[in-house]
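The values are calculated or read from the model by the stated rules, or taken from the named source; none is laboratory data. Please read these numbers as outputs of a predicted model, since none were measured by experiment. So basically every Cβ, Gly included, is an ideal-geometry build from the backbone, and we count neighbours across all protein chains shown. Quick note on the areas: whole protein, heavy atoms, side chains included, nothing else; ligands and nucleic acids left out. Shrake-Rupley method; radii C 1.70, N 1.55, O 1.52, S 1.80 Å.
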Amino acid sequence: MLSRFVSGSIRNLEREYNCTVRLLDDSEYTCTIQRDAKGQYLFDLICHHLNLLEKDYFGIRYVDPDKQRHWLGFTKCIAKQMKSQPPFTMCLRVKFYPPDPAALKEEITRYLVFLQIKRDLYHGRLLCKTSDAAMLAAYILQAEVGDYDPGKHPEGYSSKFQFFPKHSEKLERRISDIHKTELIGQTPEESELNFLQKAQELETYGVDPHPCKDVSGNPAFLAFTPFGFTVLQGNRRVHFLKWDEVTKLKFEAKTFHIYANQKEDKKIILTYFAPTPEACKHLWKCGVENQAFYKLEKSSQVRTVSSSNLFFKGSRFRYSGRVAKEVMEQSAKIKREPPEIHRAGLVPSRSCPSITHGPRLTSVPRQRRRAVHISIMEGLESLRDSAHSTPVRSVSHGDSFMPRHRHHTTDAGEGGSSQRVISDEAYCPSDSVLPTPTAEHSHSLELAVARHPNGASCSIEEEKESEAGTPEGQVAEFGPDGRVLRLGRTRKSLPNNEVQELHKFILSVLRMFLVTMGLLFALLSLLIMLTESDLDIAFLRDIRKTPEFQQFHFEYFCPLRRWVACKFRWMGGFLINK
């Protein structure tokens with residue numbers, strides 16, 4: 001009996017595993033789920049834990065061992081999606097940004113979106129001009145510390161908080177002035193709502209940047225927003241396509257295509273190249289989901305999408321869930337007492353240092369800036385912020401926030417060739433989150449980061465210095481003080497990319513061969529039914545009566561049948577006599 005009990009307990013343990021989900025306020029939710037549990041079950045557990053009803057805007061993100069990000073599929077088994085072994089670690093993030101955050105029904109939903117956009121602001125995904133940046137930071141300050149109090153907030157108190165990757169003393173003073181004078185009396189709810197309304201007006205609201213290259217090899221960021229598809233390149237938005245204009249999204253290996261129709265039947269095709277085939281597939285799936293969510297009127301209109309024109313080649317994917325219009329209609333039916341919100345406040349954060357008491361980066365001399373950046377980023381683990389962007393180098397946004405005025409209703413005329421300056425410097429999300437893996441044997445991303453061993457990023461000048469000081473084919477090992485301890489030769493990477501491409505080509509040829517053989521077998525079966533069977537079916541009878549079929553039957557098929565029968569008799573006699 002005891003052995004049966006022990007063996008049964010072991011089997012039950014093998015059928016269960018622990019899963020940890022990091023929430024937007026940096027708290028963790030840990031649960032035990034069955035091995036065959038689907039993503040929807042885990043998502044419902046989290047939403048129940050948060051008392052969240054408007055949950056269609058959110059998703060669960062995870063990172064595979066190859067450092068590629070994925071959204072957890074709700075209709076598939078969790079264990080089959082994860083390429084690692086349990087326990088699993090994931091993150092709750094905003095997957096579909098609300099087109100109008102102020103129109104959200106419940107305050108708990110607005111608060112979670114507020115946390116996500118605050119995270120985007122810090123990591124450089126949400127760019128704005130200096131005046132807007134000061135206002136956004138002041139809203140955050142008001143929401144989390146309340147009214148200005150000279151006794152609690154000494155001179156320069158705003159410099160203790162990191163709202164952006166980097167900012168200047170002038171911007172800090174402006175944040176303090178707004179907090180002291182313009183926001184007195186605002187409750188946390190009012191400040192968060194004003195923050196959302198201000199952020200929604202920005203050009204990069206809802207941007208989930210995917211690093212790519214254009215056909216000329218220039219780096220670019222592709223993103224899907226509530227309003228359409230956008231391309232950010234350098235300091236410009238070089239393309240913007242509204243969702244109604246986008247007709248098709250395709251990918252093959254690392255190549256991503258966007259097909260669109262514009263005014264006067266103008267058709268355009270945009271082509272970009274992702275770092276890896278996995279990153280390109282993730283980009284395509286994100287585009288398919290965003291287009292279905294924002295463009296369609298009903299979820300019943302969702303169709304399975306293929307990444308290729310040939311039905312036997314490529315990936316097939318179907319968005320599962322409600323669309324934006326249905327979500328808004330369902331939200332309007334919510335009638336309950338507003339749930340209590342437990343705001344985190346200004347406490348040390350593991351994944352979003354915007355609320356940590358760290359030194360001001362831009363006030364540090366350039367010679368010491370690297371060490372300061374390292375000290376701020378210490379302790380950040382690779383999964384601590386599985387947020388949205390596929391990041392590259394951090395840049396200073398202190399005085400380079402984009403000067404723009406948002407007009408979504410008038411952007412249709414700009415279309416695919418629209419170019420708008422969004423910043424004085426190139427758009428570069430922060431390097432405090434996981435990079436997208438680059439393909440071996442290729443410099444897929446020229447804007448990829450020169451990194452220290454602990455994950456901190458270098459400035460452009462420091463990259464040049466390190467390149468000049470380190471011989472080609474060698475890597476430097478840094479000590480705690482940043483000095484080089486020793487040099488070692490890099491190990492040659494195996495041509496895995498070429499092998500993968502060869503395997504995909506072979507599989508494509510095999511699929512084509514199998515489909516061709518299947519079609520031939522189907523035609524042969526139909527031919528036998530027409531000529532040899534006695535089935536009296538209407539469409540078969542009509543075919544048999546046609547002159548073409550009768551000519552084929554008597555002049556070709558009957559002689560071929562007699563020849564095959566003769567050969568079989570000869571082979572049978574030969575085998576018997578032998």
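For the range 234-260, name all the residues that are under 16 Å from K295 (Cα atoms) and either outside any strand (DSSP E or B) or aromatic (F, W, Y) (or both).
F240, W243, D244, E245, Y259, listed by residue number.
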I'd like to check something: does the range 225-237 contain any residue that is of a type in the set (S, T, Y) and surrounded by 18 or more Cβ atoms within 10 Å (Cβ to Cβ)? yes
Just to verify a result, which residue in the range 304-318, among those that are open to solvent by 60 Å² or more (accessible area, probe 1.4 Å) and among the hydrophobic types (A, V, I, L, M, F, W, C), is modelled with the highest pLDDT? L310
Given the conditions (1) small (G, A, S); (2) over 28 Å from R119 (Cα atoms); (3) touching a Ser or Thr at 6+ places or on another chain (Cβ under 8 Å), report the number of the one that S216 does not fulfil. (3)
Within the range 22-65, tally of residues that are among the charged types (D, E, K, R), out of contact with any helix residue (DSSP H, G or I) (no Cβ under 8 Å at 6 or more places or on another chain) and part of a strand (DSSP E or B): 3
Name the pairs whose Cβ atoms lie under 6 Å apart, with the first residue in the range 314-332 and in contact (Cβ under 8 Å) with a residue 12 or more places away in the chain and part of a helix (DSSP H, G or I), the second of a type outside the set (G, A, S) and surrounded by fewer than 14 Cβ atoms within 10 Å (Cβ to Cβ), and 6 or more positions between them or separate chains? K325/E297
Would you confirm, using the coordinates I've provided, whether K250 is within 22 Å of Q419 (Cβ to Cβ) and surrounded by fewer than 20 Cβ atoms within 10 Å (Cβ to Cβ)? no
Filtered residues of the range 105-135 (kept if in a loop (DSSP other than H, G, I, E, B), open to solvent by less than 10 Å² (accessible area, probe 1.4 Å) and either farther than 24 Å from I46 by Cβ or in contact with a helix residue (DSSP H, G or I) (Cβ under 8 Å, 6 or more places away or on another chain) (or both)): G124, L126, L127, C128
Does the range 93-103 hold any residues that are open to solvent by 10 Å² or more (accessible area, probe 1.4 Å) and either farther than 27 Å from C428 by Cα or part of a helix (DSSP H, G or I) (or both), and which are they? A102, A103
Restricting the range 261-301 to residues that are closer than 30 Å to E329 by Cβ and in a loop (DSSP other than H, G, I, E, B), the one least open to solvent (accessible area, probe 1.4 Å) turns out to be L296
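Look at the range 142-152 and say how many of its residues are surrounded by fewer than 24 Cβ atoms within 10 Å (Cβ to Cβ) and touching a helix residue (DSSP H, G or I) at 6+ places or on another chain (Cβ under 6 Å).
Looking only at that region, the number is 1.
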Exactly one of these conditions fails for G59: (1) modelled with pLDDT under 95; (2) of a type in the set (G, A, S); (3) within 30 Å of E144 (Cβ to Cβ). Give me its number. (1)
All positions within the range 499-525 that are open to solvent by 70 Å² or more (accessible area, probe 1.4 Å) and closer than 30 Å to D542 by Cβ: M517, L519, L520, F521, L523, L524
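For the range 143-172, name all the residues that are part of a helix (DSSP H, G or I) and closer than 24 Å to E203 by Cα.
To start, the set of residues in the range 143-172 that are part of a helix (DSSP H, G or I) comprises 143-145, 157-160, 169-172.
Scanning the range 143-172 gives A143, K170, L171, E172.
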Those residues that are charged (D, E, K, R) and more than 24 Å from R420 (Cβ to Cβ), I need them from the range 115-165; list them, please. K118, R119, E144, D147, D149, K152, E155, K160
Contact list please: Cβ distance under 7 Å, first residue in the range 150-172 and farther than 15 Å from L136 by Cβ, second residue surrounded by fewer than 21 Cβ atoms within 10 Å (Cβ to Cβ) and of a type in the set (A, V, I, L, M, F, W, C), pairs at least six apart or on different chains. K166/L361
How many of the residues making up the range 69-92 are part of a strand (DSSP E or B) and touching a Leu at 6+ places or on another chain (Cβ under 8 Å)? 5
Residue pairs meeting the criteria (Cβ under 7 Å; at least 6 apart or on separate chains; first within 18 Å of R561 (Cβ to Cβ), in the range 527-550; second exposed (fewer than 10 other Cβ atoms within 10 Å of the Cβ)): M529/L535
All positions within the range 173-209 that are open to solvent by 10 Å² or more (accessible area, probe 1.4 Å) and either of a type in the set (A, V, I, L, M) or not in a helix (DSSP H, G or I) (or both): E182, I184, G185, Q186, T187, L193, E201, E203, D208
